[in-house]
Amino acid sequence: MVLEATMIAIDNSEYMRNGDYLTTRYDAQLTATEFIFQNKVNSNPENTVGLLAYGGSGPQVLSTLTTDFGKILSGVHDTKIAGENHFSSGIQVAALALKHRQNKVQQQRIIVFVGSPVNESEKELEKLAKKMKKNNVAIDIINFGEESVNTSKLEKFNSVINNHDNSHLVTIPPGPRLLYEVIASSPILVEGGFEVDGVDMDGFGAGGFGNDLLDPNMDPDLALALRLSLEEERTRQEREAADRAKKDAAVSSELEKIDEGKEGDDKKDEDSKDVDMEGAQ
């Protein structure tokens, strides 16, 4: 496997509070971050991963390059959701952290989550992409949440920085699949990648999120945790569907009662009119 140093850049801007991804964009991003970390470290024991947040008042390195996930967790624990994203400066700080990697044989990669509008113009992004390409930094972008606003800009950025297919853009609209599930089958983690719409991600082993998509050397504890997470999510969705069905049935019942009452009142009014007419005659 390729020997890499990877900086994961997370978006901690105010947009990450949105609940269109389970349970919020921010939480979905953190689950995916853990998945990516484990995948990178398990694929090559000499790989290192660092973490950076680029929301708030500006980029902040949460963990330098490491193989210890505890350091990543510690950095995440101190992070607050605030402000807006600082895409360009975040990329540049991440590249600086990669430049100071101890093992210079490691290839440089940045994986950046973009869950809020990118403020830079296409021309500014093109300039940044050329600079990163010149410095041999590959960049994978996970575009979610604000894909309608960001996709065209990020496609342009990716087209400039991509060098022999070493950089990727994965756009993930809200849907039934968890964020990390889609990333697991994307070119970011799987060589060649898969069509997102054509992959059954409903469970382990049955042609879906199973041995074909996961690194065979993955930590069994992580695989178990992912399986349990999927089962919990499936149970939650089934429970919510049942609750919705009950509520819909209750609402329908109430509406029927209201309609019946209205029909009774209308009939009384008609009877009373008939009595009045007869009295008048």
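Right, Ser167: surrounded by 23 or more Cβ atoms within 10 Å (Cβ to Cβ), touching a Gly at 6+ places or on another chain (Cβ under 9 Å) and assigned to a loop (DSSP other than H, G, I, E, B) or not? In short, no. So, Lys130, is that one in a helix (DSSP H, G or I), open to solvent by 50 Å² or more (accessible area, probe 1.4 Å) and either within 22 Å of Asp27 (Cβ to Cβ) or modelled with pLDDT of 95 or more (or both) or not? When the stated conditions are applied, Lys130 passes them. If the condition is being surrounded by fewer than 16 Cβ atoms within 10 Å (Cβ to Cβ), within 17 Å of Val114 (Cα to Cα) and of a type in the set (Ser, Thr, Tyr), then region 49-77 contributes only Ser57. Is it true that Gly50 is more than 18 Å from Glu4 (Cα to Cα) and of a type outside the set (Asp, Glu)? It is false that Gly50 is more than 18 Å from Glu4 (Cα to Cα) and of a type outside the set (Asp, Glu).
Every listed requirement among (1) more than 30 Å from Gly175 (Cβ to Cβ); (2) modelled with pLDDT of 95 or more; (3) among the small types (Gly, Ala, Ser) is met by Ser116 save one, (1).
To keep it simple, each residue is scored yes or no on (1) among the small types (Gly, Ala, Ser); (2) at negative phi; (3) out of contact with any helix residue (DSSP H, G or I) (no Cβ under 8 Å at 6 or more places or on another chain).
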{"residue": "Gly90", "(1), (2), (3)": "yes, yes, yes"}
{"residue": "Ala95", "(1), (2), (3)": "yes, yes, no"}
{"residue": "Gln106", "(1), (2), (3)": "no, yes, yes"}
{"residue": "Glu122", "(1), (2), (3)": "no, yes, no"}
{"residue": "Lys127", "(1), (2), (3)": "no, yes, yes"}
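For region 1-48, the candidate set comprises residues that are acidic (Asp, Glu) and closer than 23 Å to Ala138 by Cβ; within that set, the residue that is surrounded by the most Cβ atoms within 10 Å (Cβ to Cβ) is Asp11.
Against the criterion of being under 23 Å from the mean Cα position of the chain (by Cα), at pLDDT 95 or above and assigned to a loop (DSSP other than H, G, I, E, B), Pro176 does not qualify. Report whether or not Glu124 is open to solvent by less than 40 Å² (accessible area, probe 1.4 Å), farther than 15 Å from Ile10 by Cα and either β-branched (Val, Ile, Thr) or more than 20 Å from the chain's Cα centre (by Cα) (or both). In short, no. In region 145-161, the residues that are over 16 Å from Ser116 (Cβ atoms) form Cβ pairs under 6 Å with partners that are aliphatic (A, V, I, L, M), at six or more places apart or across chains, as follows: Asn158/Leu169; Val160/Ala129; Ile161/Ala129; Ile161/Met132; Ile161/Ile139.
Which residue pairs have Cβ atoms under 7 Å apart, sit 6 or more places apart or on different chains, and have a first residue in region 85-110 that is over 18 Å from Leu125 (Cβ atoms) and a second that is open to solvent by less than 80 Å² (accessible area, probe 1.4 Å) and assigned to a helix (DSSP H, G or I)? Qualifying pairs under 7 Å: Gln108/Leu98.
The values are calculated or read from the model by the stated rules, or taken from the named source; none is laboratory data. Note that the structure is predicted; figures quoted are calculated from it, not measured. Here Cβ is always computed from backbone atoms with ideal geometry, including for glycine, and neighbour counts include all displayed protein chains. Heads up: the accessible areas ignore ligands, DNA and RNA and are worked out on the full protein's heavy atoms, side chains in. Shrake-Rupley method; radii C 1.70, N 1.55, O 1.52, S 1.80 Å.
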